[in-house]
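The values are calculated or read from the model by the stated rules, or taken from the named source; none is laboratory data. Please read all numbers here as calculations on a predicted model, not as lab measurements. Here the Cβ positions follow ideal geometry from the backbone for every residue, glycine too, while neighbour counts run over all protein chains shown.
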Amino acid sequence: MEFNVIITYEPGEDHSNWVFSQLNSCVGASYIVAKVRSSIILLSVQDPYSFWYNVKQCLQGRDTPIHRVIPVDAVTEPLLEKVAPIARNYALNRIPENETFRITLQGRLYSVNERGRLVKVPSIEAIRTIAEPISRKVDLKNPQWVVYIRSVPASRWLTVATVSVARAFVFKNIRVNEIGDPLQP
């Protein structure tokens with residue numbers, strides 16, 4: 001299953017139908033549905049950042065059950081050893097040297113111990129490991145950029161980790177009226 005957009009919304013079947021109705025009116029049928037779960041939709045689109053921008057512009061000032069439209073840069077196993085280099089590469093390529101960032105981790109990341117077993121990595125340890133090689137200033141209260149990492153249940157027995165790096169306003173609630181180019185300083 002491939003996807004590059006996560007949509008979170010208010011739970012309920014009526015809201016799911018409403019979300020798809022709004023998506024169709026905003027961007028047409030320019031997406032492929034990868035998965036629909038309670039309160040989360042995974043989509044595959046041609047350009048996730050253009051998709052975010054178009055949906056955000058279309059829904060400005062309108063009533064909507066959508067909470068967030070999250071563009072995804074990479075999908076990988078939820079292992080800290082796999083997520084950290086991906087996040088570092090995207091952050092160093094996108095975030096200008098004089099701008100600030102923060103890391104937001106939603107969900108769990110794991111590591112493989114010496115016995116070959118998966119163990120949960122404490123969130124603060126995962127964030128520190130990911131942030132350490134990123135040579136940019138950290139601002140936890142008002143960052144200009146966000147490195148967003150989220151664990152997503154892809155199927156009953158499979159969880160994946162997504163990595164996104166964009167301007168901070170991209171990850172705010174869709175109803176927040178801040179809009180702009182998600183990848184330009």
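Taken over the stretch 148-185, the criterion of being more than 17 Å from Ile41 (Cβ to Cβ), among the small types (Gly, Ala, Ser) and surrounded by 12 or more Cβ atoms within 10 Å (Cβ to Cβ) is satisfied by Ala161, Ala166, Ala168. Scanning the stretch 47-54 for residues that are over 17 Å from Phe3 (Cα atoms), without any contact (Cβ under 8 Å) to a residue 60 or more places away in the chain and surrounded by 15 or more Cβ atoms within 10 Å (Cβ to Cβ) turns up at least one hit. Does at least one position in the stretch 8-17 carry a residue that is within 16 Å of the chain's Cα centre (by Cα) and at pLDDT 90 or above? Yes, that holds for at least one residue.
Only one residue in Pro133, Pro143 is surrounded by fewer than 15 Cβ atoms within 10 Å (Cβ to Cβ) and either out of contact with any strand residue (DSSP E or B) (no Cβ under 9 Å at 6 or more places or on another chain) or not assigned by TED's automatic domain parsing to the domain that holds Pro48 (or both). Which one? First the steps, then the outcome.
Numbers: Pro143 fails: surrounded by fewer than 15 Cβ atoms within 10 Å (Cβ to Cβ).
Matching residue, one of Pro133, Pro143: Pro133.
Close contacts from the stretch 15-32, counting a first residue that is without any contact (Cβ under 8 Å) to a residue 12 or more places away in the chain and a second that is part of a helix (DSSP H, G or I), with Cβ to Cβ under 9 Å and a gap of 6+ residues or different chains, come to Ala29/Leu23. Assessment of the stretch 99-111 against the conditions (exposed (fewer than 15 other Cβ atoms within 10 Å of the Cβ) and among the acidic types (Asp, Glu)) yields no matching residue.
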